[in-house]
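What follows is calculated from the coordinates using simple rules that are stated; it is not laboratory data. Every value quoted in this text rests on a predicted model; they were computed, and no experiment measured them. Positions of Cβ are backbone-derived with ideal geometry, glycine not excepted, and every protein chain shown enters the neighbour counts.
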Amino acid sequence: METYGVEKLGIKAAKVHRNLEPAALTEAALLNGEGHLSATGALVVETGKYTGRAAKDKFIVDSEGVHDLIQWGSVNQPTDQATFDALYDRVVEYLSGKEVYVFDGCAGADPKYAKNFRIVNELASQNLFIHQLLRRLPAEALEGFEADYTIIVAPGFKCNPERDHTRSEAAIMLDYEKHVAIIVGTRYAGEIKKTAFSIMNFILPQQGVLPMHCSANIGDDGVSAVFFGLSGTGKTTLSADPARQLIGDDEHGWSDDGVFNFEGGCYAKCINLSEENEPDIYHAIRFGALVENVVMDPETRELDFDDDSLAVNTRVGYPVEHIDNIKIDGKGGLPSTVIFLTADAFGVMPPISKLNLPQTEYYFLSGFTSKLAGTEIGVKEPVPTFSTCFGEPFLPLNPLVYAGMLRERVVREGANVYLVNTGWNGTGERTKLRYTRAMVTAALNGELEKSEFVTDPIFGVSVPTSCPGCPDDLMVPENLWQDKDAYKEAASKLAAMFKENFEAKYSDASDEIKAAGPQA
């Protein structure tokens, strides 16, 4: 029996399936009872207890070689080598005697910075997911394949917190020195891609590349744009622009040569998905895609994207080939526009504003948004939150490293930086998607620069008073508040939250950056 070197990991598998095609993986998942086919041929699964990331269950081995590099704290929680090794031994023993599914591929469309990943899965459905989400290698590249990092995924293994020194039955543990990660106790496929992302965030800055939690697209002129933002703020939706080619929807690197996608697929939210608003995602849900926690009619096999009874954080993973307007090589030119996406639940931040350099670092470090329901366990409604560099859970290094790299690149390329609020406004409703799209389009094509700008009295950012395709009264937040005193109170409250967060997290930031924040 061909083992493809899995025994070197300590796994004595009954059978090893390596780099099966999506059809074979879908067939195996159906035979194993892991899911069902939808009317369009997508594989539909339920992930059970965990329908989002188990952020508090992630640990990094505090070894001598990485100790001084990691930004330790509540996000990057330390564990010791003995704990990791003991759990590793139990997991490989658990997988021994089972059929396992292996995907050998890479992260990074630029060969100069690509890293080889081996993913070992207990479930065929999760192997299908990562087959579609990471970058697939040609057959000749698989001969003599050597993994830079290995991720072992065993959702059926349940941790014993007392024995395994974990917080719950689930655990995500990374050993950067041994180049191995373990994911156990959760079927939520997003943990796999985010573990790979965390690894890239550790490696690439040491090679002079800025890793980014962002989507990216490119115009006919070869110039790219990047869209930073947390889950649910519109990275996937806004970068899917019919007038521009999509480079990728979530994770990229910014090198001296340009922008490159880490992945070979997209992982999009499905809640309230419609063909009218998000046609690219809607039509990508077909054979080869993995759908998580979307309710399906057992008779018609039609998906109900408005039903959140299984989860609010419903998801679909699909290969980039499912998108028509995709730049298939995953690479683009140097960006001329950088967009920070936020979802302000207070309704006081401008729908779009322009940032100067100190503000760029301040708002990038702050990473303000409203954490949307379902993205993490226990989040039931929008909660104002600050996520460093719009990707705090995945950043192992000091945040000032990433912020400094971004500033250097913005200066070098002369890029414009905009803060876009895809959240709420003074009417108590979210800003309509068509207006947000119009603002982003105007930022990308230069039309926004023709507007008159005013300075927001609290947040200090430059706000355009008009934008093609948008009502003028939408542009300045206070205009939509009937009670002006209530607006000032809400805006001052949010400004104070910015100040408190920044003082707590970034005391070592420069005075220039500290002064660029809102005034409470």
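Using label points projected 7 Å from each Cα along Cα→Cβ, tell me how many nm separate N479 and D307, to one decimal.
So the label points at N479 and D307 sit 4.2 nm apart.
For F287 and Q71, compute 0.36 nm times the residue count separating them, minus their Cα-Cα distance, and round to one decimal in nm.
Contour length minus the Cα-Cα distance gives 73.6 nm.
For the residue pair I328 and E99, what label-to-label distance in nm results when each label sits 7 Å from Cα along the Cα-to-beta-carbon direction?
3.2
Restricting attention to the chain, give the cysteines that have no other cysteine Cβ less than 4.7 angstrom from their Cβ.
Here C106, C159, C214, C266, C270, C389 come out as lacking a disulfide-compatible partner, given the Cβ-Cβ threshold of under 4.7 Å.
How about K331: which aspartates and glutamates have a C-alpha closer than 16 Å to its C-alpha, ignoring those fewer than 8 places off in the same chain?
Partners found: D110, D220, D221, D249, D250, E251, D256, D257, E263, E321.
Can you give the FRET efficiency for D256 and E449, using 1/(1 + (r/R0)^6), R0 = 25 Å, r = Cβ-Cβ distance, to the nearest 0.05?
0.40
Can you list, bin by bin at 5 Å, the percent of alpha carbon pairs in segment 155-196, starting at 0?
Taking all Cα pairs of segment 155-196, the binned fractions are 6, 23, 29, 24, 16, 2 percent.
Which value at 222 nm does the chain reach when only helices count, each DSSP H run of 4 or more adding -39,500 (n - 2.57), with the total divided by all residues and rounded to the nearest 500 deg cm²/dmol?
-7500 deg cm²/dmol
Between 0 and 90 degrees, rounded to the nearest ten: what's the tilt of helix 433-445 against the longest Cα principal axis of the chain?
For 433-445 against the chain, the angle is about 80 degrees.
How far, in nm, would the chain grow between K56 and K15 when pulled straight, counting 0.36 nm per residue and subtracting the alpha carbon separation?
So the chain would gain 11.4 nm between K56 and K15.
Straight distance only, please: which lysines reach the Cα of K488 with their own Cα at less than 25 Å, same-chain residues fewer than 8 apart left out?
K354, K371, K432, K499, K514
What is the chain's relative contact order, in percent, from Cα pairs under 8 angstrom and six or more apart in sequence?
With pairs under 8 Å counted, the relative contact order is 14 percent.
Tally Lys and Arg at +1 and Asp and Glu at -1 over the other residues with C-beta under 12 Å from the C-beta of C270: what net charge comes out?
Neighbourhood net charge equals -4.
Report, to the nearest 10°, how far helix 484-505 tilts away from the longest principal axis of the Cα atoms in the chain, using its own Cα long axis and a range of 0 to 90°.
50
What FRET efficiency comes out for the pair N32/E429, r = Cβ-Cβ distance, R0 = 35 Å, nearest 0.05?
So the FRET efficiency works out to roughly 0.20.
Can you tell me the orientation of helix 22-31 relative to the chain, as the angle in degrees between its alpha-carbon axis and the longest Cα principal axis, to the nearest 10?
That works out to roughly 70 degrees.
Would you mind counting up the charge near I328? Only other residues with Cβ under 15 Å from its Cβ, with Lys and Arg at +1 and Asp and Glu at -1.
Combined, the nearby Lys, Arg, Asp and Glu give -2.
Can you give the FRET efficiency to the nearest 0.05 for A486 and F145, using r as the Cβ-Cβ distance and R₀ = 51 Å?
Rounded to the nearest 0.05, the efficiency is 0.25.
Separation between the A243 and N277 pseudo-spin-labels, each 7 Å from Cα along Cα→Cβ, expressed in nm?
For A243 paired with N277, the spin-label model returns 2.2 nm.
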